[in-house]
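J.: Would you mind keeping the following structure in view while I ask a few things?
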Amino acid sequence: MDGRPYLTMFNMQQQRLISYQEETQERGPRDAPEWEIWIHIKAVDTSLYPNIVNQSYWQRAPKKQQAKDLVARQVLLALGLTPN
């Protein structure tokens, strides 16, 4: 598994191991925005991973990529994987 949880999750979607929908919102003042990222799980290859279909995960962070990596880490942990 590579060092970026979001990239790992994205690659899993490309391999059709999971399917998800991403929702991104910018919150707060323009000079100090906070990013909120939601991941809604639509499908999972249950022959390999636990069934977390219809589960949603979210995180907030000052940087968009940081929020994406944090929420992807939650998803990977729910799938029983150990993100770096």
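The values are calculated or read from the model by the stated rules, or taken from the named source; none is laboratory data. Note that the structure is a prediction, hence the values are computed from the model and not measured. Cβ sites come from the backbone with ideal geometry, for glycine too, and all protein chains shown count toward neighbours. Note: accessible area is taken over every heavy atom of the protein model, side chains too, but ligands, DNA and RNA are not part of it. Shrake-Rupley method; radii C 1.70, N 1.55, O 1.52, S 1.80 Å.
J.: Looking only at residues in the range 52-62 that are open to solvent by 70 Å² or more (accessible area, probe 1.4 Å) and not hydrophobic (A, V, I, L, M, F, W, C), which one is farthest from LEU7 (Cα to Cα)?
T.: The extreme case among them is ASN54.
J.: May I ask you to list the residues in the range 33-48 that are in a loop (DSSP other than H, G, I, E, B) and open to solvent by less than 40 Å² (accessible area, probe 1.4 Å)?
T.: PRO33
J.: Go through the residues of the range 66-79 one by one and say whether even a single one is in contact with a strand residue (DSSP E or B) (Cβ under 8 Å, 6 or more places away or on another chain), in contact (Cβ under 8 Å) with a residue 40 or more places away in the chain and among the charged types (D, E, K, R).
T.: Within the range 66-79, one or more residues are in contact with a strand residue (DSSP E or B) (Cβ under 8 Å, 6 or more places away or on another chain), in contact (Cβ under 8 Å) with a residue 40 or more places away in the chain and among the charged types (D, E, K, R).
Okay, residues lined up against (1) among the basic types (Lys, Arg); (2) within 11 Å of the chain's Cα centre (by Cα); (3) open to solvent by less than 30 Å² (accessible area, probe 1.4 Å):
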site: GLN15; (1), (2), (3): no, no, no
site: PRO50; (1), (2), (3): no, no, no
site: LYS64; (1), (2), (3): yes, no, no
site: GLN74; (1), (2), (3): no, yes, no
